[in-house]
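Q: A single structure is presented below for examination.
The values are calculated or read from the model by the stated rules, or taken from the named source; none is laboratory data. These figures come from a predicted structure and were not determined experimentally. Glycine also receives a Cβ, built like all others from the backbone with ideal geometry; neighbour counts cover every protein chain displayed.
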Amino acid sequence: MTALSALERPNPVAITQSDAFVQLLGEIRQRARTGEFDEQKHISQDIIERFRTLGVYRALVPKRFGGEERSPGEFCRMVEDIAHADGSAGWVASFGMSPVYLAALPLATLEKIYADGPDVVFAGGIFPPQPAQFVDGGLEVNGRWKFSSGCMGASLIGVGIAPRNGDMLGLPRLAVMPREKVRIEQTWDVVGLVGTGSHDVVVEGVVVPEDWTFVRGGAPTLSEPFFRYPSLSFATQVLSVVGLGVARAALDELSGMASGRISVTGAPSLSDRPLAQVEMAKAEASLRSARAWFYEAIDSAWASVLANEAVSVEQTNMLRLSSTHASRVAAEVARTAQMLSGMSGVYRSSPLSRFVNDAQVITQHAFMGDMTYQNAGAIFFGNKPLPGYL
């Protein structure tokens with residue numbers, strides 16, 4: 001067997017194909033519909049623990065640390081399946097991509113992180129980077145960081161810092177510390193993805209050893225194929241794929257409620273209305289097309305990685321553009337499903353209301369902004385994109 005064929009050899013069974021995972025997805029769907037996650041504003045700890053047990057957080061961890069080294073496509077499909085059960089659960093599960101961030105830490109630090117096993121739950125608040133002074137033992141970290149999705153269930157927290165030497169600030173870094181070193185203030189009060197628990201994290205006077213910090217976007221210290229895949233693109237993909245799962249759930253919900261539903265006005269049932277049939281078909285075509293391009297871009301870049309070739313600018317551009325496109329299409333599809341449902345879809349108790357809000361919030365993320373189109377267009381014209389796009 002050649003080295004390349006060994007790299008290409010997939011894990012035998014997709015994570016979500018196990019009976020235990022299918023059962024968990026059914027339970028997540030049921031508990032989401034009762035409002036459990038939205039009411040408490042985070043995914044329950046027993047769900048996080050089952051994610052750990054079933055392999056969500058070790059999926060991308062190198063095998064040398066006990067992980068599974070699954071491919072970017074496999075991981076995204078897993079997140080999509082979870083998001084189909086609940087968008088917030090999918091969003092929190094997506095941070096199983098943490099090896100992308102942590103790979104820039106020194107190897108000795110990574111060995112400590114994974115010393116007790118690969119199922120490490122990481123969350124972080126990156127912006128704005130807070131000044132951190134060098135002191136004996138490392139960098140003293142103080143500050144508040146917003147949008148720390150999944151922090152309620154994390155065992156490890158990272159926060160953005162700007163190392164200070166006198167009046168000079170160094171390149172932004174992420175400082176990594178145990179969950180017990182931070183305080184979580186529950187400030188997450190939003191209309192969508194409510195269950196992600198994207199609260200503020202507060203750190204006061206914690207000295208973080210320098211070898212537990214790393215430059216964001218710095219070169220990885222790990223050599224496995226996955227760490228040659230464009231990291232910023234992947235950080236975008238694991239979020240936008242949540243929208244694909246939510247939009248699929250919206251169409252499934254609409255299809256399930258349409259047959260036999262009698263209008264209060266005496267009009268034909270939804271499934272028998274020609275306009276509804278047309279709009280349903282258009283939404284299905286849009287979602288499937290966006291999804292196909294999304295995974296096509298992933299497979300193209302991953303094939304280059306496995307062939308030990310550099311992922312090209314053009315391939316990376318497709319990763320970014322297909323992600324933003326997927327998130328926008330998903331939001332439109334969810335909204336179409338709600339509109340076709342009539343008044344049924346406006347009640348807070350309707351899953352369609354939650355699907356629309358969840359899908360719309362994803363389009364608000366900085367990774368999915370209109371700047372993507374400007375940068376992608378610049379590349380199509382042979383120009384350079386803005387810094388940070390690739």
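Residues are listed down the side, and each one gets a yes or a no for (1) outside the structural domain of L25 (by TED's automatic domain parsing); (2) touching a helix residue (DSSP H, G or I) at 6+ places or on another chain (Cβ under 7 Å); (3) free of Cβ contacts under 8 Å to residues at least 24 places away in the same chain; (4) over 17 Å from T363 (Cβ atoms):
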residue: S233; (1), (2), (3), (4): yes, yes, no, yes
residue: V238; (1), (2), (3), (4): yes, yes, no, no
residue: S271; (1), (2), (3), (4): yes, yes, yes, yes
residue: V311; (1), (2), (3), (4): yes, yes, no, yes
residue: S323; (1), (2), (3), (4): yes, yes, no, no
residue: R328; (1), (2), (3), (4): yes, yes, no, no
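Q: Could you identify the single residue in K112, K146, K63 that is under 19 Å from W212 (Cβ atoms), among the basic types (K, R) and surrounded by fewer than 24 Cβ atoms within 10 Å (Cβ to Cβ)?
A: One residue alone meets the criteria, K112.
Q: Next up: If I filter region 213-220 for residues that are farther than 29 Å from V356 by Cβ, in a helix (DSSP H, G or I) and among the aromatic types (F, W, Y), do I get at least one hit?
A: Checked against the condition, which is being farther than 29 Å from V356 by Cβ, in a helix (DSSP H, G or I) and among the aromatic types (F, W, Y), region 213-220 yields no hits at all.
Q: Of all helices (runs of 4 or more DSSP H) completely enclosed by region 276-390, which ones contain at least 3 residues that are under 19 Å from the mean Cα position of the chain (by Cα) and closer than 24 Å to F147 by Cα?
A: 313-340, 351-363
Q: So, one more: Just the residues that are surrounded by fewer than 20 Cβ atoms within 10 Å (Cβ to Cβ) and not charged (D, E, K, R), please, taken from region 278-294.
A: Those that are surrounded by fewer than 20 Cβ atoms within 10 Å (Cβ to Cβ) and not charged (D, E, K, R): V278, A281, A285, S286, S289, A292, W293.
Q: Looking at region 97-116, is at least one residue over 29 Å from S44 (Cβ atoms) and β-branched (V, I, T)?
A: yes
Q: Another question about this same structure. Just wondering, is there one or more residues in region 203-220 that are surrounded by fewer than 19 Cβ atoms within 10 Å (Cβ to Cβ) and of a type in the set (S, T, N, Q)?
A: no
Q: Hey, another quick one. Filtering region 141-168 down to residues that are under 18 Å from I113 (Cβ atoms) and not in a strand (DSSP E or B), which residue is nearest to the chain's Cα centre (by Cα)?
A: G150
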